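Peer 1: First, the structure itself, so that you have it in front of you.
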Amino acid sequence: MTKERIKIISLVGLLVFGLLLSARLLYNEKWVDANLIRQSQQIPGVVSVGVVGSSGRQEFDVTTKNVSDLSETSAMLSRLAGKLPIRYLDNRSPALEAVYNQMQFALQEGIVRGDFVRMAQQVAALGKKAGAQVNLTMDSDEIYLTLTQGTHQLVAVLDRHGEGKFLPSEAQAVSKGGSA
């Protein structure tokens, strides 16, 4: 009789655990994600957001279009994302990506040496040479770069202190039907 009671108690415990776990997953999927989507729609330049899990880690993916003030957008998204790292999914072109790759030397040298005036001059010169509009700003924690050329825009946030709040930005996945 005691063995049967232990089996029944164990079964009830497993059922309760399963129900609680299901309720938590449903809460996260329906309430938290819906709340993030609703709040992110207020942020200029943000098309969509989502919490994505990859290799055991979660990240806050943000699809953008025509971001005018990347530092302000990033500040608002940081408040929404909490401790999750943010990855921007932008509308870059191969030409903008090539210019950004050329700018990496100046950007990284500016971060390491602290010579931000020279960094800004080099980035502006490279952008002008490529025919791209450059918007480069910074604060005490990050460097914000927006490259715009025609209908394409590349956004990048470079972490100055290695805190990992922002992940490298990527191109939007067109193969998913244009949604990310």
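Peer 1: Which of the helices (runs of 4 or more DSSP H) contained wholly in region 70-139 include at least 2 residues that are within 20 Å of Gln41 (Cβ to Cβ), in the same structural domain as His152 (by TED's automatic domain parsing) and not acidic (Asp, Glu)?
Peer 2: 70-81
Peer 1: For region 53-68, what are the residues that are among the charged types (D, E, K, R) and either in a helix (DSSP H, G or I) or in contact (Cβ under 8 Å) with a residue 60 or more places away in the chain (or both)?
Peer 2: Glu59, Asp61, Lys65 - these are the residues of region 53-68 that are among the charged types (D, E, K, R) and either in a helix (DSSP H, G or I) or in contact (Cβ under 8 Å) with a residue 60 or more places away in the chain (or both).
Peer 1: All but one of (1) hydroxyl-bearing (Ser, Thr, Tyr); (2) surrounded by fewer than 18 Cβ atoms within 10 Å (Cβ to Cβ); (3) at pLDDT 95 or above hold for Ser175; state the number of the condition that does not hold.
Peer 2: Failing condition for Ser175: (3).
Peer 1: Next question. Of the residues that sit in region 1-43 and are modelled with pLDDT of 80 or more and among the polar types (S, T, N, Q), which one is farthest from Ser68 (Cα to Cα)?
Peer 2: Thr2
Peer 1: Find all pairs meeting these conditions: Cβ atoms under 6 angstrom apart; at least six residues apart or on different chains; first residue within region 105-119 and at pLDDT 95 or above; second residue polar (S, T, N, Q).
Peer 2: Ala106/Gln122
To keep it simple, each residue is scored yes or no on (1) under 24 Å from Val49 (Cα atoms); (2) exposed (fewer than 14 other Cβ atoms within 10 Å of the Cβ).
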| site | (1), (2) |
| --- | --- |
| Ala98 | no, yes |
| Phe116 | no, no |
| Met119 | no, no |
| Ala132 | no, no |
| Glu142 | yes, no |
| Leu154 | yes, no |
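The values are calculated or read from the model by the stated rules, or taken from the named source; none is laboratory data. None of these values were measured; they are calculated from a predicted model. Positions of Cβ are backbone-derived with ideal geometry, glycine not excepted, and every protein chain shown enters the neighbour counts.
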